[in-house]
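Worksheet: the structure to be examined is printed underneath.
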Amino acid sequence: MAVHTNHPVSAPPSAPIREKTGHLLLRGWCIFVIAAALAGTSWLMAFGTVASAGVAIGTGLVSIVLWAILRPEVQWRRVPWYAVLYVLWAVASLIWSAYPEATALTLLLLVTTTVQAMFVGSVLTWRELVRAIASALKWILGLSLTFELWVSIFWGGPILPQFGRPEAGVHYDPIVYWSRDNLFDGGRIQGLFGNANPLAYVALLGMIVFALRFASRPPRRGLLVAWFALAVFLFVRASSATASLAAAAVVVVLVTVLLMRRTRRPGERTRYYVVYAVVAIGGLTALWLGRQTLFTLLGRSSDLTGREGIWAQVWARAIERPVVGWGFSTPWVPSDPHFDRWIVDHGQTVMQAHNMWLDVFLQLGAIGLVLMVAAMFAFVWRSWFFAVDRPRWDLVADRPYSPLTLIPTLVATVLLVQGLAESGPLLGWGWFFIVLLAFKIKQAPLVGRGPSEQRLVGEQGETTRATR
């Protein structure tokens with residue numbers, strides 16, 4: 001029988017430190033908040049405008065209350081100020097907006113999304129945050145497949161928003177369907193979103209997060225392989241041309257970062273930067289000149305499915321107020337007289353400019369455009385060096401890189417490519433991730449180090465070798 005002496009050589013054994021129930025519930029709430037942002041138009045499709053607004057406002061209020069109660073460690077001097085200034089300029093546009101009701105309504109969504117992103121970034125460590133993002137993606141992708149299966153097996157045909165059944169003998173444009181019941185006939189599927197493009201981008205995000213989680217050597221890695229396979233399946237079946245280009249850009253950036261991480265001597269990175277700048281400029285030029293051939297191969301028209309016509313109309317109106325714009329409204333509110341039937345596509349009022357930069361110029365003028373450029377540049381800049389710089393806080397100069405540090409720069413790549421043909425980065429999960437990751441990088445520039453990263457005890461996840 002073991003006896004505890006009066007002079008032990010080490011501390012008495014104790015149970016391992018475990019996370020408190022309150023923190024587990026907090027992390028569960030953060031997963032719901034991230035999933036709600038990723039869901040995007042799913043709320044609108046399922047429950048309508050009033051319920052969607054209720055979810056946005058309700059979750060925002062809960063997060064604000066939790067933030068006030070928990071008071072997490074936040075360095076208020078280190079927040080993404082350009083993004084905050086963009087939000088403040090959008091709020092100021094209420095003064096001159098040509099559609100004040102639409103501006104006020106969409107501002108509520110913008111401010112709520114911004115606060116939610118900063119709240120999640122302040123209460124979770126890097127490892128907790130990536131786990132929460134992965135969990136939210138599993139819910140959205142899993143429910144999207146489940147929804148498509150339910151429509152095909154039990155509903156038996158296309159379904160309209162809010163679970164409406166099409167009337168017999170009435171012709172509906174496919175754009176109005178929530179799901180077109182294409183799961184088993186080889187057509188494009190739309191998941192919960194009612195649109196194949198958002199599904200493709202969320203599936204691409206899932207592939208990035210699941211792959212990097214797998215590289216971090218967490219427990220139950222086999223399940224991550226299954227989730228990655230599901231994300232690939234949904235990405236392929238969504239068949240989005242712009243998302244395919246974003247995926248190609250992600251591969252290029254990933255290879256570039258890995259090459260940058262292999263440099264050992266000063267000046268080596270400079271050569272890579274010069275080479276990749278030349279390749280990028282040449283590639284973009286070739287892409288634009290050969291867009292007709294490329295998009296024909298991808299099954300799309302050379303004008304990006306009518307986007308060039310939309311851009312021309314938006315530009316014509318934007319230059320009428322080039323300095324301050326017409327007023328914030330992201331998305332455009334189709335019931336407002338200013339937007340109602342202004343630009344029509346497939347019989348439906350268009351709700352965005354299909355280019356984030358042009359959309360910002362229309363709404364907030366050159367001043368807003370400068371602020372958005374600054375916010376995106378700061379995010380991309382910090383994300384890049386967060387990925388390529390070796391973690392160092394003392395004299396030890398050979399610590400291994402963490403796979404988790406690749407996530408911000410790859411997400412930034414997706415959003416930049418998406419922003420060329422969509423306004424997605426300005427709302428929903430796009431804006432949420434811009435603020436969230438920019439805020440987190442500034443608060444905790446090193447994974448596992450700093451005041452906001454002190455809850456590492458009790459965390460389960462990557463091996464120490466991969467994240468120290």
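The values are calculated or read from the model by the stated rules, or taken from the named source; none is laboratory data. A quick note: this is a predicted structure, and the numbers were derived from the prediction, not measured. Positions of Cβ are generated from backbone atoms using ideal geometry, with glycine treated the same way; all protein chains shown enter the neighbour counts.
Please determine whether any residue of the range 287-300 is of a type in the set (A, V, I, L, M), closer than 30 Å to residue 195 by Cα, in a loop (DSSP other than H, G, I, E, B) and modelled with pLDDT under 75. Within the range 287-300 (the criterion being of a type in the set (A, V, I, L, M), closer than 30 Å to residue 195 by Cα, in a loop (DSSP other than H, G, I, E, B) and modelled with pLDDT under 75), the answer is yes, since at least one residue qualifies.
Any residue that is farther than 18 Å from residue 135 by Cβ and either within 23 Å of the chain's Cα centre (by Cα) or of a type in the set (Asp, Glu) (or both) - is there at least one of those in the range 162-176?
Yes: the range 162-176 contains one or more residues that are farther than 18 Å from residue 135 by Cβ and either within 23 Å of the chain's Cα centre (by Cα) or of a type in the set (Asp, Glu) (or both).
From the residues in the range 58-84 that are within 20 Å of the chain's Cα centre (by Cα) and of a type in the set (A, V, I, L, M), which one is nearest to residue 425 (Cα to Cα)?
Step by step, filter the range 58-84, then rank; the result is 83.
Within the range 69-94, if we keep just the residues that are at pLDDT 95 or above and of a type in the set (Val, Ile, Thr), the residue that is farthest from residue 379 (Cα to Cα) turns out to be 91. Hey, can you tell me all the residues within the range 209-257 that are of a type outside the set (Gly, Ala, Ser) and farther than 29 Å from residue 422 by Cα? If the condition is that a residue be of a type outside the set (Gly, Ala, Ser) and farther than 29 Å from residue 422 by Cα, then 214, 217, 218, 219, 220, 221, 223, 224, 225 are the ones that fit.
Where residues in the range 307-339 are among the charged types (D, E, K, R) and over 21 Å from residue 106 (Cα atoms), which of them is surrounded by the most Cβ atoms within 10 Å (Cβ to Cβ)? Restricting to residues being among the charged types (D, E, K, R) and over 21 Å from residue 106 (Cα atoms), the top hit is 307.
Only one of the numbered conditions (1) touching a Phe, Trp or Tyr at 6+ places or on another chain (Cβ under 9 Å); (2) under 30 Å from residue 116 (Cα atoms); (3) of a type in the set (Val, Ile, Thr) is not met by residue 208, and that is (1).
Kindly establish whether residue 349 is modelled with pLDDT under 90 and of a type outside the set (A, V, I, L, M, F, W, C).
For residue 349, the condition - modelled with pLDDT under 90 and of a type outside the set (A, V, I, L, M, F, W, C) - is met.
Looking across 129, 192, one residue alone is at pLDDT 90 or above, crowded, with 21+ Cβ neighbours inside 10 Å and under 30 Å from residue 255 (Cα atoms). It is 129. Is there a residue being within 25 Å of residue 37 (Cα to Cα), touching a Phe, Trp or Tyr at 6+ places or on another chain (Cβ under 8 Å) and either modelled with pLDDT of 95 or more or part of a helix (DSSP H, G or I) (or both) anywhere in the range 150-162? Yes - at least one qualifying residue is present in the range 150-162. On inspection, residue 339 does not qualify as in a helix (DSSP H, G or I) and aromatic (Phe, Trp, Tyr).
Answer yes if at least one residue in the range 93-100 is over 18 Å from residue 30 (Cα atoms), part of a helix (DSSP H, G or I) and of a type in the set (A, V, I, L, M, F, W, C), and no otherwise.
Initial filter on the range 93-100 (over 18 Å from residue 30 (Cα atoms)): 93-100.
Next, from what is left, pick out any that are part of a helix (DSSP H, G or I): 93-95, 100.
Keeping just the survivors that are of a type in the set (A, V, I, L, M, F, W, C) gives 94-95.
Within the range 93-100, one or more residues are over 18 Å from residue 30 (Cα atoms), part of a helix (DSSP H, G or I) and of a type in the set (A, V, I, L, M, F, W, C).
Considering the conditions (1) assigned to a helix (DSSP H, G or I); (2) among the basic types (Lys, Arg); (3) more than 23 Å from the chain's Cα centre (by Cα), residue 213 is excluded by exactly one of them, (3).
Tell me yes or no: at least one residue of the range 25-48 is touching a helix residue (DSSP H, G or I) at 6+ places or on another chain (Cβ under 9 Å), at pLDDT below 85 and assigned to a helix (DSSP H, G or I). Scanning the range 25-48 turns up at least one residue that is touching a helix residue (DSSP H, G or I) at 6+ places or on another chain (Cβ under 9 Å), at pLDDT below 85 and assigned to a helix (DSSP H, G or I).
This table checks each residue for (1) in contact with a Lys or Arg (Cβ under 6 Å, 6 or more places away or on another chain); (2) over 14 Å from residue 445 (Cβ atoms); (3) part of a helix (DSSP H, G or I).
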{"site": "359", "(1), (2), (3)": "no, yes, yes"}
{"site": "372", "(1), (2), (3)": "no, yes, yes"}
{"site": "375", "(1), (2), (3)": "no, yes, yes"}
{"site": "386", "(1), (2), (3)": "no, no, yes"}
{"site": "393", "(1), (2), (3)": "yes, no, no"}
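Within the range 356-393, take every residue that is of a type in the set (D, E, K, R), in contact with a helix residue (DSSP H, G or I) (Cβ under 9 Å, 6 or more places away or on another chain) and closer than 30 Å to residue 256 by Cα and give me the one that is surrounded by the fewest Cβ atoms within 10 Å (Cβ to Cβ).
Here the answer is 390.
Looking at residue 173, is it surrounded by fewer than 20 Cβ atoms within 10 Å (Cβ to Cβ), over 30 Å from residue 280 (Cβ atoms) and in contact (Cβ under 8 Å) with a residue 12 or more places away in the chain? Considered against the rule, which asks whether it is surrounded by fewer than 20 Cβ atoms within 10 Å (Cβ to Cβ), over 30 Å from residue 280 (Cβ atoms) and in contact (Cβ under 8 Å) with a residue 12 or more places away in the chain, residue 173 comes out as yes.
Scanning the range 163-192 for residues that are closer than 16 Å to residue 143 by Cα and either in contact with a strand residue (DSSP E or B) (Cβ under 7 Å, 6 or more places away or on another chain) or part of a helix (DSSP H, G or I) (or both) turns up 163, 178, 179, 190, 191, 192.
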